[in-house]
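Read through the structure below, which is laid out as structure tokens, and then see the notes.
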Amino acid sequence: MDYLELLLKGLVVLFPIAFCWMLITYKWSFRKIEKEPMKVLVTGPSVSDFQLCSVQMGYAILPMIARGVMLGPDHSVTLHLFDNIEQADEALNGIKMELTDAAFPLLKGVIATMDIVEACKDINIVVMLGGFPRKEASALGKHAVADCKVLVVANPANTNALILKEFAPSIPEKNITCLTRLDHNRALSQIAERLKVYVTDVKNVIIWGNHSSTQYLDVNHATVTTPNGERPIKELDTDDHWLKNEFINTVQQCGAAIIKARKASSALSAASAACDHMRDWVLGTPKGTWVSMGVYSDGSYGIPKDIIYSFPVKCQKGKWSNVKGLKIDDFSRAKMDATAKDIIDEKEVAHSCLN
């Protein structure tokens, strides 16, 4: 009896100790994960002429990344800033000073450099604002982490992404993308404004093809959340002429309209779109929702292979996949083929220059 009582007392003492140890171990495992910041490289964020698009966008996107807009509030980051233009060194250091002064809680460090090897060392994510993919491709392939994710913003974005892929064969082709999310976001906002709903109520528009005036904005599969549930946009707006003409033209010319109005490019909205692109890619798209990304074509929907083309994609666990099985009408087919031809023409011109 005495033995049993002693055993029970021992268990009473040991159980809370074991429980506390398990709790401490569990909490510490998360602490160790949080200590490892994501390394994000932004190329072309600063030169002396502050009218340049990449500079304005760089100035807009860096605080967004540092605040967690791109990777969420649980991901700390180290920013690498790279430019290879001679007069950029002082400006890069100036931006580094400002980022340090801002005391962003998620920002664990800033490296401002004109050395491409230092810039690419162990990088997890790349946002290319500067348009020199051939020069940066080799260093990325050699020094970035194996599953490095690349977003090309510099125009011509589709072709620059393809050049990067060709000169950095060690980076998986599915890890090289270009930005068409700005056009996607513009389409959402135009539909929301026309139907007098919140932009969060609109989903599943598609940007097919090139980030250029030939891009095709497709609303055939898009829906709007109403008090009576989700409804197709084409049921709520039966003005087919507007959807096939004015709507497409307005989104295609948004960038030019902003330049005319503010005498500078749409850097803020582009920076926000780049954060949206990367956040959905890393953290995943909401269930039942797709987004537009310029990705390497695998021949889906009859689009030629070996080009970077904007498709509707879903993202999960850090990987994207094409949305399959969407019905394509004759009008859409013609538009999709036309923008594919535009990309192929750009590709041929780029190759002729490189050769």
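The values are calculated or read from the model by the stated rules, or taken from the named source; none is laboratory data. None of these values were measured; they are calculated from a predicted model. Counting neighbours? That spans all protein chains shown, and the Cβs are built from the backbone with ideal geometry, glycine included. The area values use the complete protein model at the heavy-atom level, side chains included, leaving out ligands, DNA and RNA. Shrake-Rupley method; radii C 1.70, N 1.55, O 1.52, S 1.80 Å.
The numbered conditions (1) within 25 Å of Y301 (Cβ to Cβ); (2) touching a residue at least 12 places away in the same chain (Cβ under 8 Å) are all true for C275 except (1).
Residues in segment 123-155 that are open to solvent by 60 Å² or more (accessible area, probe 1.4 Å) and within 19 Å of the chain's Cα centre (by Cα): F132, A146, D147, N155. Screening A340, A350 for residues that are modelled with pLDDT under 95 and either buried (at least 16 other Cβ atoms within 10 Å of the Cβ) or assigned to a strand (DSSP E or B) (or both) leaves exactly one candidate, A350.
Could you list, in sequence order, all residues of segment 297-309 that are open to solvent by less than 30 Å² (accessible area, probe 1.4 Å), touching a residue at least 24 places away in the same chain (Cβ under 8 Å) and not aliphatic (A, V, I, L, M)? S300, Y309, listed by residue number. Here L182 passes the criteria (1) touching a residue at least 40 places away in the same chain (Cβ under 8 Å); (2) among the hydrophobic types (A, V, I, L, M, F, W, C); (3) in contact with a Leu (Cβ under 9 Å, 6 or more places away or on another chain) except the one numbered (3).
Conditions (1) closer than 11 Å to V40 by Cβ; (2) in the same structural domain as L283 (by TED's automatic domain parsing); (3) of a type in the set (A, V, I, L, M); (4) crowded, with 16+ Cβ neighbours inside 10 Å, marked per residue:
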residue	(1), (2), (3), (4)
P73	no, no, no, no
L79	yes, no, yes, yes
E86	no, no, no, no
E90	no, no, no, no
I95	no, no, yes, yes
D101	no, no, no, no
P105	no, no, no, no
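For the structure I just gave you, tell me whether K335 is surrounded by 13 or more Cβ atoms within 10 Å (Cβ to Cβ) and farther than 19 Å from E173 by Cβ. Here the answer is yes, as K335 does meet what is asked. Among the residues of segment 66-101, those identified as touching a Pro at 6+ places or on another chain (Cβ under 8 Å) and among the hydroxyl-bearing types (S, T, Y) are S76, T78.
Going by the conditions given, is I171 free of Cβ contacts under 8 Å to residues at least 40 places away in the same chain, β-branched (V, I, T) and assigned to a loop (DSSP other than H, G, I, E, B)? So I171 passes the test.
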